[in-house]
1. Of the residues that make up the range 74-89, is at least one assigned to a helix (DSSP H, G or I), in contact with a Leu (Cβ under 9 Å, 6 or more places away or on another chain) and modelled with pLDDT of 90 or more?
2. For the range 114-123, state whether one or more residues are under 29 Å from PRO7 (Cα atoms) and open to solvent by 70 Å² or more (accessible area, probe 1.4 Å).
3. Considering only the range 63-89, how many residues are free of Cβ contacts under 8 Å to residues at least 40 places away in the same chain and touching a strand residue (DSSP E or B) at 6+ places or on another chain (Cβ under 8 Å)?
4. Quick test of your reading of the structure: ILE39 fulfils all but one of (1) in contact with a His (Cβ under 7 Å, 6 or more places away or on another chain); (2) under 22 Å from ALA102 (Cα atoms); (3) aliphatic (A, V, I, L, M); (4) free of Cβ contacts under 8 Å to residues at least 12 places away in the same chain. Name the failing condition by number.
5. Have a look at LEU34, LEU24 and point out the one that is open to solvent by 90 Å² or more (accessible area, probe 1.4 Å), at pLDDT 90 or above and either out of contact with any Asp or Glu (no Cβ under 7 Å at 6 or more places or on another chain) or not hydrophobic (A, V, I, L, M, F, W, C) (or both).
6. For the range 89-108, which positions are open to solvent by 40 Å² or more (accessible area, probe 1.4 Å) and either under 21 Å from ARG30 (Cβ atoms) or under 11 Å from the mean Cα position of the chain (by Cα) (or both)?
7. Among the residues of the range 70-87, write down those that are open to solvent by 40 Å² or more (accessible area, probe 1.4 Å) and within 14 Å of the chain's Cα centre (by Cα).
8. Please go through the range 9-29 and give me each residue that is touching a residue at least 12 places away in the same chain (Cβ under 8 Å) and either touching a Leu at 6+ places or on another chain (Cβ under 8 Å) or within 21 Å of LEU103 (Cβ to Cβ) (or both), ordered by number.
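The values are calculated or read from the model by the stated rules, or taken from the named source; none is laboratory data. Nothing here was measured: the structure is a model prediction, and the numbers come from that model. For neighbour counting, all protein chains shown are included, and Cβ atoms are generated from backbone atoms with ideal geometry for every residue, glycine included. We work out accessible area using only protein heavy atoms, side chains counted, and drop any ligands, DNA or RNA first. Shrake-Rupley method; radii C 1.70, N 1.55, O 1.52, S 1.80 Å.
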Amino acid sequence: MPSATPPITLAELPGRPCPIAASLEVVGERWSLLVVREIHLGNTRFSGIVRGTGAPRDRVAARLRALEAAGVVERRAYCDAPPRHDYHLTASGRALVPVLDALLAWGKEHAVAPTDPDRDRHLTVPKEPR
């Protein structure tokens, strides 16, 4: 497994450098937290992550590479021929789960219409064919 990229030096960031800005350098791209959400929900294979996020395949591939380089996810081989991998959260990735929970609560309160019929639907992951 490749080592994670070194932590960000705050002095390198533009504007008001702070840990929030450093965090957004790692997970601030639109699809990053949705990829983390899918893996947390149990969607560990590439096709399931694509399906769950609704993101284009190339975006998911780019986010997975960046999240792996940052030490948020790790790839694990599950098939040798042809080579296939699934993705798992590292300790760093699991530490983002409370952030996802906070965004879920904030989104329900401030970003989703109170009349939306899907507002209180629980997030579930369909079983993937093996």
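1. Checking the range 74-89: not a single residue is assigned to a helix (DSSP H, G or I), in contact with a Leu (Cβ under 9 Å, 6 or more places away or on another chain) and modelled with pLDDT of 90 or more.
2. Taking every residue of the range 114-123 in turn, none turns out to be under 29 Å from PRO7 (Cα atoms) and open to solvent by 70 Å² or more (accessible area, probe 1.4 Å).
3. So the answer is 8.
4. Evaluating ILE39 over (1) in contact with a His (Cβ under 7 Å, 6 or more places away or on another chain); (2) under 22 Å from ALA102 (Cα atoms); (3) aliphatic (A, V, I, L, M); (4) free of Cβ contacts under 8 Å to residues at least 12 places away in the same chain leaves (4) as the failure.
5. Of the residues listed, the single one that is open to solvent by 90 Å² or more (accessible area, probe 1.4 Å), at pLDDT 90 or above and either out of contact with any Asp or Glu (no Cβ under 7 Å at 6 or more places or on another chain) or not hydrophobic (A, V, I, L, M, F, W, C) (or both) is LEU24.
6. Residues satisfying the conditions are SER92, ARG94, ALA95, PRO98, VAL99, ASP101, ALA102, LEU103, LEU104, ALA105, TRP106, LYS108.
7. Across the range 70-87, the qualifying residue is only ARG75.
8. Passing the criteria: ALA22, GLU25, VAL26, VAL27, GLU29.
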